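In what follows, a single structure is set out as structure tokens and then discussed.
The values are calculated or read from the model by the stated rules, or taken from the named source; none is laboratory data. All values reported here derive from a predicted model rather than from experimental measurement. All Cβ positions, even for glycine, are placed from backbone atoms using ideal geometry, and neighbour counts span all protein chains on display. To get the accessible areas, we keep the full protein, side chains included, count just its heavy atoms, and leave off ligands, DNA and RNA. Shrake-Rupley method; radii C 1.70, N 1.55, O 1.52, S 1.80 Å.
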Amino acid sequence: MWIKKGVKLIGEIPGDGAPVRRQAIYILAIRITLNKGDIIKSTTRCLSHTIDDNLKLHDDGFLESRMRIDRENLIDGIFYAVDGMKIGGYRKVAIAPHLAYREK
């Protein structure tokens, strides 16, 4: 199922909290992998266009940070991936390069 062109929903566990609202701040826990499954464990500029001093890297590869849900802050693919989620939910998505890091 496609959330938006370039963002494919692979798996989901719905949350039981309130729906995520744009312009609000939430704690996001995201694990970023490449096509072949390699986990990116960088703590700079992974979740958003800005660097967050409160970014935490967990042993399992998840990056956790407080982020504002808006187009100016988040990478496009992540912005579209959280749209429609509820607090406490989980989504596994595939994001096309043009909505992520492009050639990077």
Virtual spin-label span in nm between A96 and I27, 7 Å along Cα→Cβ: 3.4
Exposure ranking of V20, V82 by accessible area [1.4 Å probe, largest first]: V20, V82
Distance histogram in 5 Å bins (all Cα pairs of region 1-44, percent per bin): 5, 12, 16, 25, 24, 14, 3
